[in-house]
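Student: After the structure tokens below, expect a handful of questions from me.
The values are calculated or read from the model by the stated rules, or taken from the named source; none is laboratory data. If you're wondering where the values come from, they're calculated on a predicted model, not measured in any experiment. Heads up, the Cβs are rebuilt from the backbone with ideal geometry, glycines too, and the neighbour counts pull from every protein chain shown.
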Amino acid sequence: MSFVIYNTESFRIFKFPHGGSAIFEQERTAKCQLTKLRNAGVLNDNWKVESYDNWAKNEPMVAVKSLMNGKDVQIRKSEVGGCCDPSTERYWTM
């Protein structure tokens, strides 16, 4: 089972500045890393450790308006504003 550090408001998984995402094999390792990041002032109290399965199961779907046709599209909350969001120009230019 994998564990992730994610933001409870945006449901985005934390990514390290050097490019690696915070997906860990053990819950203990994830919690230790979260504590280190909080103590360093990198993360605030909105971040939490959860199993990847629970994170994916509990992530809400949100409606966004497609940039091209104006229709509502359901996407995962963590994808809002990213390259998988049809309400952004980035999605249509890739």
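Student: Quick check on the stretch 47-70: of everything there that is of a type in the set (A, V, I, L, M, F, W, C) and under 16 Å from Val4 (Cβ atoms), which residue is farthest from the chain's Cα centre (by Cα)?
Tutor: Within the stretch 47-70, the match that is farthest from the chain's Cα centre (by Cα) is Val49.
Student: Go through the residues of the stretch 12-32 one by one and say whether even a single one is in contact (Cβ under 8 Å) with a residue 60 or more places away in the chain, among the β-branched types (Val, Ile, Thr) and in contact with a helix residue (DSSP H, G or I) (Cβ under 9 Å, 6 or more places away or on another chain).
Tutor: yes
Student: If I ask for residues that are without any contact (Cβ under 8 Å) to a residue 12 or more places away in the chain and under 17 Å from the mean Cα position of the chain (by Cα), which ones from the stretch 71-93 would you list?
Tutor: Those that are without any contact (Cβ under 8 Å) to a residue 12 or more places away in the chain and under 17 Å from the mean Cα position of the chain (by Cα): Glu79, Gly81, Gly82, Cys83, Cys84.
Residue-wise test of (1) at pLDDT 90 or above; (2) surrounded by 12 or more Cβ atoms within 10 Å (Cβ to Cβ).
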site: Gln26; (1), (2): yes, no
site: Cys32; (1), (2): yes, yes
site: Lys36; (1), (2): yes, no
site: Asn39; (1), (2): yes, no
site: Asn54; (1), (2): yes, yes
site: Ser66; (1), (2): yes, yes
site: Val73; (1), (2): yes, yes
site: Cys83; (1), (2): no, no
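Student: Can you name every residue in the stretch 33-69 that is acidic (Asp, Glu) and free of Cβ contacts under 8 Å to residues at least 12 places away in the same chain?
Tutor: Asp45, the sole residue that qualifies.
Student: Can you tell me which residue among Val42, Val49 is of a type in the set (Val, Ile, Thr), assigned to a loop (DSSP other than H, G, I, E, B) and over 24 Å from Gln74 (Cβ atoms)?
Tutor: After ruling out the rest, the residue left standing is Val42.
Student: Criterion first (out of contact with any Pro (no Cβ under 9 Å at 6 or more places or on another chain) and assigned to a helix (DSSP H, G or I)) does Ser78 satisfy it?
Tutor: yes
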